[in-house]
1. Please state which one of 194, 210, 228 is touching a residue at least 24 places away in the same chain (Cβ under 8 Å) and in contact with a strand residue (DSSP E or B) (Cβ under 8 Å, 6 or more places away or on another chain).
2. Please enumerate the residues belonging to the stretch 175-198 that are over 16 Å from residue 19 (Cα atoms), at pLDDT below 95 and surrounded by 14 or more Cβ atoms within 10 Å (Cβ to Cβ).
3. Looking only at the stretch 70-84, count how many residues are within 12 Å of the ligand (Cβ to nearest atom) and out of contact with any strand residue (DSSP E or B) (no Cβ under 6 Å at 6 or more places or on another chain).
4. Only one residue in 40, 21 is surrounded by fewer than 21 Cβ atoms within 10 Å (Cβ to Cβ) and within 16 Å of the ligand (Cβ to nearest atom). Which one?
5. Could you list, in sequence order, all residues of the stretch 149-181 that are in contact with a strand residue (DSSP E or B) (Cβ under 6 Å, 6 or more places away or on another chain) and within 16 Å of the ligand (Cβ to nearest atom)?
6. Going by the conditions given, is residue 94 modelled with pLDDT of 95 or more, within 15 Å of the ligand (Cβ to nearest atom) and under 17 Å from residue 39 (Cβ atoms)?
7. Can you pull out the residues in the stretch 61-77 that are in a loop (DSSP other than H, G, I, E, B) and more than 20 Å from residue 109 (Cβ to Cβ)?
8. Kindly establish whether residue 139 is near the ligand (Cβ under 9 Å from one of its atoms), in a strand (DSSP E or B), surrounded by 15 or more Cβ atoms within 10 Å (Cβ to Cβ) and in contact (Cβ under 8 Å) with a residue 40 or more places away in the chain.
Ligand SMILES: NC(=O)c1ccc[n+]([C@@H]2O[C@H](COP(=O)([O-])OP(=O)(O)OC[C@H]3O[C@@H](n4cnc5c(N)ncnc54)[C@H](OP(=O)(O)O)[C@@H]3O)[C@@H](O)[C@H]2O)c1
């Protein structure tokens with residue numbers, strides 16, 4: 001018996017990187033998955049890759065922007081039609097369009113960041129709750145960032161939305177218990193397309209300082225996401241799992 005046998009998961013940003021690794025891991029653990037992203041070609045490639053594995057669970061794809069509530073509703077409706085329930089929601093898609101100091105913050109980009117990273121998380125949660133979790137229960141996994149716990153010179157506004165996700169995780173855990181559990185993962189630097197510009201040229205320097213001497217992989221996050229979706233974490237809600245190779249365990253004054 002697999003830990004997620006027969007369960008149904010909706011994963012935003014599921015066509016590559018961390019979201020796709022979670023979809024792979026959930027299927028391997030016995031779940032059916034719906035993956036959502038903005039681009040149909042990326043979703044088709046992800047679906048083809050997922051279907052090459054022997055897992056029994058179905059794969060459904062939905063073109064949807066995480067920042068558009070009506071697209072969240074359509075994605076959840078299609079999942080209900082296809083699989084009959086939503087047991088797990090992974091709020092993984094995020095956007096990071098503004099790099100720079102808060103004092104120079106560009107408001108349209110700030111609004112986009114909040115719309116996807118904060119309002120989106122609430123909108124998708126509401127859809128999953130109303131369609132299925134209020135009746136059948138469920139587990140919600142929010143992919144935040146270790147950036148939500150620290151100060152950064154370049155991506156302070158994105159990090160503020162990630163800090164908000166950690167608080168919203170606790171608030172939703174309070175509001176949706178005991179039916180649904182809500183937890184977050186705060187990854188450090190993970191080797192995906194999103195962060196390529198950071199790790200590609202500086203990997204040896206970055207890893208030399210980390211206690212675990214390597215950057216994270218999408219699979220590191222996926223393993224934690226299986227735990228948080230499964231009954232192994234059944235008395236855990238409102239919490240944040242930090243996966244950072246030990247970056248937050250460095251003495252003050254040592255850059256991570
Ligand atoms: N990589 C890291 O170092 C790192 C560290 C900490 C936290 N995180 C967090 O981990 C999550 C996943 O990041 P990643 O590194 O896996 O990124 P990624 O490799 O760039 O993948 C992003 C995924 O999200 C989709 N996406 C992007 N914007 C979307 C939107 N507005 N609506 C729906 N789907 C959208 C993309 O597909 P489309 O382009 O087709 O939409 C893709 O499937 C994010 O929340 C990110 O903030 C990443």
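1. 228
2. Hit for the stretch 175-198 is 198, nothing else.
3. If we filter the stretch 70-84 for residues that are within 12 Å of the ligand (Cβ to nearest atom), which is where we start, we get 71-72, 75.
Going one step further and asking which of them are out of contact with any strand residue (DSSP E or B) (no Cβ under 6 Å at 6 or more places or on another chain), we end up with 71-72.
Summing the residues that are within 12 Å of the ligand (Cβ to nearest atom) and out of contact with any strand residue (DSSP E or B) (no Cβ under 6 Å at 6 or more places or on another chain) in the stretch 70-84 gives 2.
4. After applying the criteria, what remains is 40.
5. Residues satisfying the conditions are 165, 166, 169.
6. Yes.
7. Within the stretch 61-77, just 64 meets the criteria.
8. When the stated conditions are applied, residue 139 does not pass them.
The values are calculated or read from the model by the stated rules, or taken from the named source; none is laboratory data. Every value quoted in this text rests on a predicted model; they were computed, and no experiment measured them. Cβ atoms come from the backbone with ideal geometry, glycine included; neighbour counts cover every protein chain shown.
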